[in-house]
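Trainee: Quick one: this structure, given as structure tokens, is what I'll be asking you about.
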Amino acid sequence: MPEEARRSSGEDAVVIPIGTGGRPGRGTGSARPSAAARNLACAKKAAPRTRPAAPRVERTTERTAERTPDPDGIPVGEWLAALQGAAHEVFGPDWERRLAELLAFVRRRLEGHYEVDDYGFDRELTERFFMAALRPIAQKWFRLEVRGLENIPADGGALVVSNHSGTVPLDGLMTMLTVHDHTGRFLRPLGADLVFRMPVVSSLARKSGATLACVEDAERMLSGGDLVGVWPEGFKGIGKPFSERYKLQRFGRGGFVSAALRTGVPIIPLSVVGAEEIYPLVGNVPSLARLLGVPYIPITPFFPWLGPLGMVPLPSKWILEFGEPIRTDAYDAAEAEDPMLVFNVTDQVRETIQHTLFDLLRERDGVFS
Amino acid sequence: MGRVVLVTGISRDIGRRFARAAAADPSVERVIGVDVVPPRGDIGDVSFVRADIRNPVIAKVLAKEDVDTVVHMSVIATPGSAGGRGTMKELNVIGSMQLLAACQKSTTVERLVVKSTTTVYGSSPRDPAMFTEDMGPKRLPSSGYAKDVYEIEGYVRGFARRRPDVSVTMVRAANVIGPHVSSPLTNYFRLPVVPRVLGFDPRLQFLHEDDLMGVLRHAATRDVHGTFNVAGDGIMTLSQAVRRLGRPSVALPGFAVGRLGATMRQARISDFSPEQLGFLTYGRGVDTTRMRTVLGFEPRFTTAEAFADFCRELAPAPEGAARA
């Protein structure tokens, strides 16, 4: 009830300043003093103007005006009401429950009473923090368009294979977010060992569900029924020059295919259009990269020239298309040892992604539209 | 007729407690404890033989006492008590070699249980999330405890090849934790301010001390051959552990933690070896499927419960001091 009253008073309060309620106001040429003059003369006079619209708000203004010289300060009740109002503004109508949840969350985090799985995946942190932080970027900045969601199985292991681009692996993060928001499942990305060697990145990667791209982990996750994401182009794909955009690089050694064959899970090709344009890579500093032990030091038209501002990705429009699953359960697990079969399946996945990329590129109107 | 069990490394708390627990087992007739120095605590029914496993005397003990089960626990993780790294290596590697040589000569030994550690897997950014028993370290350990254990495991495998009639059980225990354990890791958690490596949050796995006793007893009284990872269920990250401990922690860059560790080692505050730094940076997880399916052992404590038990013991005294 009080919430409703407040809301209606808030709506009315917006209306009031526009018309002066029929009374003469500033610049009307009336004999009465202007509103500003009346306010100067006596603060109480202003109160009747809000009285009919907002009895609650008006009472508080009256009191504060009277009690300003009071050395005791603002009464506790007022503070509580203000806090209540603020909580209502921030958390919405059922703010009490949500605030309690948030406090419980903070408490759990600080006391360490949360669960991580064998890979170090912190589900709570990922859902409440990482995903929440990425969502506006995906929706407002890159305006993700997703196609073929029906190709992601609702349960059981599956391997999502995607092209990799964009200098910084934002496409991986966006794919994880998309999969979670549309299917409720967590995509568990496989990352290069460099990811786990770098401070900060390594702990964030593990907490958000990533693990090392090695046969052991891939098979363990797939046979555990997880949805696993791989970017087989690796650094060759993500760090390729802008002139080679949307040209798929070599697909590693096909380790992901043999893992899928051995566990009999479907391979879902994913084509991402738009990620190539976020940081157009026009140059590289190989000597510095070697010195730092990283695969490349990117130079874009804006980075490092504009400093931190150059790190803002360009707002290209993204399209993610999940292709039809390539089934592997028809093959025997032993056939994963057959290199020719592995190469053939790898090529099939690669061709599917490449052709979808070309189709999507033909379809889109412009990079930023 | 019960079994005659020989336990090495009985002067240390964990060896002494295992020997006592084994002596209480109905299927065990006699327990003989061997070490260079006498055990400090009460050893109950265990008969102590003062012998150095680094010299061939141990073979005579095996023959004289008709030992049929040997439990090797005298691989030490820290040079602290032994005097120096050189002595520690000699005690670990040469001691194990002599013991294995004696076992090979012996006609009575039917079973060998070696307490190894998951430290043999090392810690590196290229590690799989979970090590299974047939995986090796991604990078061979170059020094310290990890190298000793790696070498000892090699000798034990060699022994198992040469004496196929002896059942050899190698128990790769995760970091043992508990109220009575004094190890580099527990000393680390007992520091008033826990140093952490900036930007890394390693995954840890613990084994409760009671479960270590349990698994060694289990292995000593059953006929299972092979190598087994033994750890409590589940994983904890270091940040989680420190928060549950309620101790303040400070994140330092890796090299600074290394320097700090070296300083603390010199000051004898804590033993902070390079392999421990690696462990606290990259962490490690081991797969315990075979522990259940083949060895048939079920730990009583999960990783989180083992750590909680350790915290309970630790909490009262230092918390007041830290708050003051």
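The values are calculated or read from the model by the stated rules, or taken from the named source; none is laboratory data. Quick caveat: nothing in here was measured; it's all calculated off a predicted structure. Cβ sites come from the backbone with ideal geometry, for glycine too, and all protein chains shown count toward neighbours.
Trainee: If you go through region A:213-268 one residue at a time, how many are under 27 Å from A:PHE358 (Cβ atoms) and among the charged types (D, E, K, R)?
Mentor: Total meeting the criteria: 8.
Trainee: Hey, among the residues in region A:106-137 that are touching a residue at least 60 places away in the same chain (Cβ under 8 Å) and not in a loop (DSSP other than H, G, I, E, B), which one's nearest to the chain's Cα centre (by Cα)?
Mentor: A:PHE130
Listed here are the residues, each with its yes/no results for (1) within 14 Å of chain B (Cβ to nearest Cβ); (2) more than 25 Å from A:SER258 (Cα to Cα); (3) at pLDDT 95 or above.
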| residue | (1), (2), (3) |
| --- | --- |
| A:GLU111 | yes, yes, no |
| A:GLU115 | yes, yes, no |
| A:GLU124 | yes, yes, no |
| A:LYS140 | no, yes, no |
| A:ASP155 | no, no, no |
| A:LEU159 | no, no, yes |
| A:SER162 | no, no, yes |
| A:SER165 | no, no, no |
| A:PRO169 | no, no, no |
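Trainee: Working carefully through the options A:ARG253, A:ARG262, find the one that is farther than 26 Å from A:THR178 by Cα, more than 28 Å from the chain's Cα centre (by Cα) and part of a loop (DSSP other than H, G, I, E, B).
Mentor: A:ARG253
Trainee: Something else now. Out of B:GLU153, B:GLU133, which single residue is within 20 Å of the chain's Cα centre (by Cα), among the charged types (D, E, K, R) and more than 14 Å from chain A (Cβ to nearest Cβ)?
Mentor: When all the criteria are applied, what remains is B:GLU153.
Trainee: I would also like to ask the following. Could you list, in sequence order, all residues of region B:193-214 that are part of a helix (DSSP H, G or I) and either surrounded by fewer than 23 Cβ atoms within 10 Å (Cβ to Cβ) or at the interface with chain A (Cβ under 10 Å from one of its Cβ atoms) (or both)?
Mentor: If the condition is that a residue be part of a helix (DSSP H, G or I) and either surrounded by fewer than 23 Cβ atoms within 10 Å (Cβ to Cβ) or at the interface with chain A (Cβ under 10 Å from one of its Cβ atoms) (or both), then B:ASP210, B:MET213, B:GLY214 are the ones that fit.
Yes/no matrix, rows are residues, columns are (1) away from every other protein chain (no Cβ under 12 Å); (2) surrounded by fewer than 17 Cβ atoms within 10 Å (Cβ to Cβ):
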residue: B:ASN229; (1), (2): yes, no
residue: B:LEU238; (1), (2): no, no
residue: B:GLY246; (1), (2): no, yes
residue: B:VAL250; (1), (2): yes, yes
residue: B:ARG268; (1), (2): yes, yes
residue: B:LEU277; (1), (2): yes, no
residue: B:THR281; (1), (2): no, no
residue: B:ARG284; (1), (2): no, no
residue: B:THR289; (1), (2): no, yes
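Trainee: When only residues in region B:23-47 that are assigned to a loop (DSSP other than H, G, I, E, B) and in contact (Cβ under 8 Å) with a residue 60 or more places away in the chain count, which is nearest to B:GLU65 (Cα to Cα)?
Mentor: The selected residue is B:SER27.
Trainee: Among the candidates B:THR289, B:THR237, B:THR227, single out the residue that is touching a strand residue (DSSP E or B) at 6+ places or on another chain (Cβ under 8 Å), touching a residue at least 60 places away in the same chain (Cβ under 8 Å), under 20 Å from B:ALA174 (Cα atoms) and of a type in the set (Ser, Thr, Tyr).
Mentor: When all the criteria are applied, what remains is B:THR227.
Trainee: Sticking with this structure for a sec: Do you know which of the residues in region A:191-228 that are touching a residue at least 60 places away in the same chain (Cβ under 8 Å) and part of a strand (DSSP E or B) is farthest from the other protein chains (Cβ to nearest Cβ)?
Mentor: Filtering region A:191-228 for residues that are touching a residue at least 60 places away in the same chain (Cβ under 8 Å) and part of a strand (DSSP E or B), the one farthest from the other protein chains (Cβ to nearest Cβ) comes out as A:LEU227.
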